[in-house]
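**Q** I have a structure here, written as structure tokens, and I will follow up with some questions on it.
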Amino acid sequence: MNFRDVFSLAFRSVRSNKLRTGLTVSIIAFGIMALIGIITAIKAMNQKFTESFSTMGANAFTIRYKERNIRFGGGNKNDIELSKKTQKKNRKSNLGKLITREEAELFVEGFDFPSIKSVSIFGGRTNVASFNIRKTNPNVYLFGGDENYLLLNGFTIQHGRNLTKTDVQTGYNVCLLGYDVAQKLFKGGVDKAVNAVIRINNLPYRVQGVMKSRGSSFGFSRDNVIITTYSNVAKNFPSNFSFVIGIMTPDLQKVQAAMGEAEGAFRGVRKLSTTEDNNFVLDRSDSIAEKAMNSLRFLTVSATIIGLITLIGAAIGLMNIMLVSVSERTREVGLIKAIGGKRKLVSHQFLLEAVIISMLGALFGIILGILVGNLFSIVLSTGFVVPWNWVFYGIIICTIVGLLAGLYPALKAGKLNPIEALRYE
């Protein structure tokens, strides 16, 4: 008998025990589905992170306020004394000091590196916009920027015009509407919003333009925003938020040089001595995405552990089923040996049965895992994701599981004495 005949016998045996095979395949498929499904979902999240945080482009970075490190929980006496010393030192330096409007404007005026600069501030996430009888929910994001804010944050104008330097200098009540806000307030078409007077938290604002839709990110709309000038936010919506400075260089190769010069220039603006640490942070847009994606790595480890534990259970179950199969088919083994079948042939048949069951489990598990994982990608509005590397890993893992689980039963079947096997009842 050649390999083809042995494989045919093994496949026929697997097909004849449908219930037993189905249960084992289901256990293996569940483990692979958990593994592939979570990995697929994580890959979709990584793709969304990249889209969300890379709107500024790889040749841009921001200067933002460095928050104070806060430790929760108890500590010993030395820690408390050290904390007091640190607080005194922090008071002498500017650690914990927000970036003010004056500092941001002073930096932009004095920073002469070839680049596009923008000043912005967050105006809160619980704002209400209204027009006539229509109004939004109290969940509209408000940002204050300047004439370069849209360019550095990935917004584009669909109708109307952008903010101007004059708007920033005067602080007039003018604004730009995100697509969702305009659609909510102007049912006749978002283009009707241009030059209309709406109310933001009961303050009248003239709409200068409507921005193109950017879709949603992690279930939250990126179009539920209103943008006005940072001078207007400071006047009408004073808060404890810090100003943020955005910088975009014309060439990717000049980003590091620009960051170095910006750090030195802003240290001067913040009046830091040479011995004091920075009390601000420079972040590249792609580095933010990288940090966010790195935070998801523990989910990959968790998914791998869950999948491997399930596959270990499946391997034990498969081994037990194969041992039962050896006992039930003792007379069959004896008959094969009696007509000239060798020990190696019998072992190969049982080993192939275990591998076939494992591979069927891998096949169904991979398909289900990809489908389940891409349900998450539909929620995040990303493209169809297939983690090809983990698909191959899943096939390899299931092959190893089948070989290990079927090895002992196959050896046991191969060692059966043909005379005693034919007498077995």
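**Q** Among the listed pairs K97/K254; K117/K184; K135/K165; K165/K187; K117/K271; K43/K254, which are separated by more than 25 Å between their Cα atoms? Write down the numbers at each step before the final one.
**A** Numbers: K97/K254 29 Å; K117/K184 32 Å; K135/K165 29 Å; K165/K187 31 Å; K117/K271 21 Å; K43/K254 31 Å.
Where the Cα-Cα span goes over 25 Å, the pairs concerned are K97/K254; K117/K184; K135/K165; K165/K187; K43/K254.
**Q** Let me ask something additional. Simple spin-label model, 7 Å along Cα-to-Cβ: L203 to Q183 in nm?
**A** About 2.8 nm, to one decimal.
Coordinate-derived values only; no laboratory data. It should be emphasised that the depicted structure is a prediction, and the values quoted were computed from it without experimental measurement. Don't worry about glycine lacking a Cβ; one is built from the backbone with ideal geometry, like all the others, and counts go over all protein chains shown.
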